[in-house]
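Peer 1: One structure is given below, represented as structure tokens, and several questions about it will come after.
The values are calculated or read from the model by the stated rules, or taken from the named source; none is laboratory data. Just so it is clear, the model here is predicted, and its values are computed rather than measured. Quick reminder, even Gly has a Cβ in these numbers, built from the backbone with ideal geometry, and neighbours come from all protein chains shown. Just the protein is used for accessible areas: all its heavy atoms, side chains included, with ligands, DNA and RNA removed. Shrake-Rupley method; radii C 1.70, N 1.55, O 1.52, S 1.80 Å.
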Amino acid sequence: MDTLRRTLALTASSLLFVAGLGQAASADTLYVPTQYPTIQDAIDAAVKFDEIVVSPGRYFETIDLHGKPITLRSKDPGSDQIVAMTIIDGTGRPGSVITTRRGETATTFIAGFTITGGSGTPDKIRKAYVGGGMLIRDASPVVSRCVFEDNDLLITPHSSFAGLGGAVACFNGSPTIKHSTFTGNRANFGGGVYADHASSVFLAEDSFVGNRALWKGLYAGQGGAVYSEGALIVDESVFRQNDADVGGGISLAGVHALSLITRSAFVSNYGGDAAGAIECAYGASMVLERSDFYWNSAQKGGAIRLGWTSTVTPLVDYCRFQSNEADHGGAILLRVAEIVIDHSFFVENYGLYAGGALRFEAAGGDVCRSTFRRNVTRYEGGAADIRGAAAPAFANCSFEGNFSGYAGGAVLTTEESMTDFMNCMFTENCALYGGGAVLSGRNALTTICNTTMMDNESYVAGGALYNEGITEVMNSILWENTKSEIAGSGTTRVMYSDVRGGYPGPGNIDIDPRCVDPLGHDMQLTAESPCIDSARNSCVPPDRMDLDGDGDVKEPTPVDFYGNPRQVAVHPAVPGAHPCVDMGAVEFLPECKADMNQDRMVGFVDLVSLLRAWGSTRAPQDLDQNGIVGEGDLTLLMASWGPCP
């Protein structure tokens, strides 16, 4: 994953560098139509580094840059009004509206036009019409502040040809397209942009609205906004109301398709059969960071479908998925694929039949530090449905208020799947049949460790867990779940856990865990909790997700749900003995008054805080509680210097 990120980052840096060369100093300025009646006449007359300035008007022509390092722009590319009034219109003319196919580099700069009416260039080798608005072949121009509008390559299903790239088609090129808008463009593949396997396309601060990729013939139309088989970098862009048979927003396909998508928004895109926002399949991979997905929909994978991906595992990091909808996998569906999901939010997604947020089909991966809240399914797995030899792991995840109309209010596992939960919290999830929090189905192997399950509900049985497979519960808290904590006819082994009503097994207890505020979802243990130092260190699994970031994935998981250290010595039974972990997702931490900034370390920041409060009354820096911040408090702080106990 780091290799993929570095490769894409280097590609982005290179593209940004060459993009900056686009406006090199020009030798002369040529004006259209005062000096030259057509744009092509001005291009033909231009020499290296000349600048062509086009006045507002509708120019019915198709143009070819002829490989020239020139700037072609409207009078004011920064004015939306001027851009809308400066139109290159290919209506009724064969070919792409703009063509760059003779080695143009970033010194070929195009800015400030509305480009429309393109019908594409015939490509007999590919049996396609390509690049309605612009064809880029063996070239790397820079396009800025342009509008690609109503270019149409949507070929009928009876034709032997396909339409590739309604607005832009790129073959063996590395263009930069920035601050541009794509709207109402259509094709069979890539309603907005099509890029082949030899291309590297950089899209920055672009907007894709209402583009389509449809084909009712042998193949499904793919990539309503973008279809890419090569390297694709997308930054700070918006994809809204695009649609396709597959991949309403973006479709990534093939082993050369590596994509970095950052700080972008996908809103109300539709993917027909699959992938409302992004399809990543057939050897493709992607890094998706700090992006938002709202109201996308498809039959499979409301926002994203990953299928048959490459050996480079896709990463979803710091993303938000809300109100996406599908029959299966309201937010993400994985089929024969791996994924890493970190620091992400899944809120109010809907999976009609299974997997309100996630659905794993013979798929796996690591899901950590993520929140699943109020996701819904009518049947199985309110937040996640896991089946078909799938093998995901969840660590430091929160499942809150998810609902299933049948089974597995938060998670359902079945069909020979193997699922691990570590440091997770399940609260207020509900299933009408069984498994308010988790249902482990037949032939499923489920492991639950250092997890807290409280206030979950099943109308039939197994408020916390309904088990029909093989399930191990270790070092966990199952409390105040209805009806019953654990039910089902499967093999259930419980050890070193606090289970309301009791459960057979070594180290189990049946005592109120005394959390700080269960109703407020504060599951930290109070100092009086019987769960402190009552679990088993040997039951803690390896830190396969490297939650503490030290590079050691074989050590026992060293942190709790909040990232605080496990095995904190509080009141060990035997002086000098190795401390035991606590039951549940949260390790109890003794009060550390001198730690002003709550980083579990008394140091310089805390000293500055105390000195600034010197002489104050009723201040938190009054460590000795004598009514005033002074020498006694400084003495206590210095005595506590270093890591908190």
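Peer 1: Which aspartates and glutamates have a Cα less than 12 Å from the Cα of K300, not counting those fewer than 8 places away in the same chain?
Peer 2: Candidates past the 8-residue exclusion: D245, D273, E279, E325, D327, E361.
Peer 1: Given points 7 Å out from each Cα along the Cα-Cβ axis, report the R126 to A389 separation in nanometres with one decimal.
Peer 2: Each label point lies 7 Å from its Cα, and together they span 3.6 nm.
Peer 1: Before I look further, what does the chain give for accessible area per residue, probe 1.4 Å, in whole square angstrom?
Peer 2: 38
Peer 1: Could you let me know the centre-to-centre spacing of region 409-456 and region 192-246, using Cα atoms, in angstrom?
Peer 2: 37
Peer 1: Same structure, new question: Given the chain, what percent of its DSSP beta bridges are antiparallel, to the nearest 5?
Peer 2: Values: 10 of 210 bridges.
Rounded to the nearest five, the antiparallel share is 5 percent.
Peer 1: Calculate, for R544 and T311, the FRET efficiency according to 1/(1 + (r/R0)^6) with r their C-beta to C-beta distance and R0 22 Å; round to the nearest 0.05.
Peer 2: Values: r = 18 Å, r/R0 = 0.81.
Given R0 = 22 Å and the Cβ-Cβ separation, E is 0.80.
Peer 1: So, one more: Between V460 and Y562, 0.36 nm times their residue separation minus their Cα-Cα distance comes to what? Show your work: numbers first, answer last.
Peer 2: Values: separation 102, 0.36 × 102 = 36.72 nm, distance 3.27 nm.
Gain on extension, V460 to Y562, equals 33.5 nm.
Peer 1: Extension gain S616-R514, at 0.36 nm per residue separation less the Cα-Cα distance, in nm? Could you put the intermediate results ahead of the total?
Peer 2: On the way: separation 102, 0.36 × 102 = 36.72 nm, distance 3.49 nm.
This chain segment gains 33.2 nm when fully extended.
Peer 1: Next up: Treating cross-link reach as a plain straight distance, find the lysines whose alpha-carbon is under 28 Å from the alpha-carbon of K68, omitting any fewer than eight places away in the same chain.
Peer 2: Within reach: K48, K124, K178.
Peer 1: Can I ask one more? Kindly provide the helix-only [θ] at 222 nm of the chain, computed as the sum of -39,500 (n - 2.57) over DSSP H runs of four or more divided by all residues, to the nearest 500 deg cm²/dmol? Kindly include the intermediate steps, with their values, before the conclusion.
Peer 2: Working: 5 runs with 49 residues, N = 645.
Here the helix-only value at 222 nm equals -2000 deg cm²/dmol.
Peer 1: Quick check: at a probe of 1.4 Å, how many percent of the accessible area of the chain sits on carbon and sulfur atoms? Mind dumping the intermediate values first?
Peer 2: On the way: 12930 of 24590 Å².
Carbon plus sulfur share of accessible area: 53 percent.
Peer 1: Give me the number: length gained by fully extending V255 to E236, i.e. 0.36 nm times residue separation minus the C-alpha to C-alpha distance, one decimal in nm. Each step should come with its number before you reach the end.
Peer 2: Details: separation 19, 0.36 × 19 = 6.84 nm, distance 2.51 nm.
So the extension gain works out to 4.3 nm.
Peer 1: Moving to a separate point now. Pairs of alpha-carbon atoms within less than 8 angstrom and 6+ residues apart define the contacts here; what relative contact order does region 340-475 have, in percent? Mind showing how you got there, number by number?
Peer 2: Details: 523 pairs, mean separation 25.4, N = 136.
Normalised by residue count, the contact order of region 340-475 is 19 percent.
Peer 1: With just the Cα atoms defining each centre, how far is region 523-545 from region 301-344? Give it in Å.
Peer 2: 31
Peer 1: Tally Lys and Arg at +1 and Asp and Glu at -1 over the other residues with C-beta under 10 Å from the C-beta of A535: what net charge comes out? Each step should come with its number before you reach the end.
Peer 2: Numbers: positive: R536, R566; negative: D498, D533, D582, E587.
Counting the neighbours of A535, the net charge comes to -2.
Peer 1: Next question, about the same structure. What net charge is computed for the residues neighbouring F182, neighbours being all others with C-beta under 14 Å from the C-beta of F182, Lys and Arg scored +1, Asp and Glu -1?
Peer 2: Working: positive: R145, K178, R186, R212, R240; negative: E149, D150, D152, E205, D206, D243.
Neighbour charge sum, excluding F182 itself: -1.
Peer 1: Which of the listed residues, G490, L525, V340, is farthest toward the dipole's positive end in the chain, when Lys, Arg count +1 and Asp, Glu count -1 at the beta-carbon?
Peer 2: V340
Peer 1: Go ahead and run the numbers for FRET between R263 and T38, Cβ-Cβ distance against an R0 of 41 Å, rounding to 0.05.
Peer 2: Numbers: r = 40 Å, r/R0 = 0.97.
That pair, R263 with T38, gives E of 0.55.
Peer 1: When only C-alpha pairs under 8 Å and at least 6 residues apart count, what is the relative contact order of region 109-226, in percent? Present the calculation step by step, with values, prior to reporting the outcome.
Peer 2: Values: 403 pairs, mean separation 28.0, N = 118.
Result for region 109-226 is 24 percent.
Peer 1: Tally Lys/Arg at +1 and Asp/Glu at -1 over every other residue whose Cβ is under 15 Å from the Cβ of G271; what's the total? Could the numbers behind the result be given before it?
Peer 2: On the way: positive: R212, R240, K300, R305, R335, R359; negative: D243, D245, D273, E279, E325, D327.
Overall, the nearby charge balance is 0.
Peer 1: At 7 Å along Cα-to-Cβ for each site, give me the label-to-label distance between E555 and M601 in nm.
Peer 2: So the label points at E555 and M601 sit 1.5 nm apart.
Peer 1: Hey, rough spin-label estimate for R320 and A84, points 7 angstrom out along Cα→Cβ, what's it come to in nanometres?
Peer 2: Going by the 7 Å Cα→Cβ label model, 3.0 nm.
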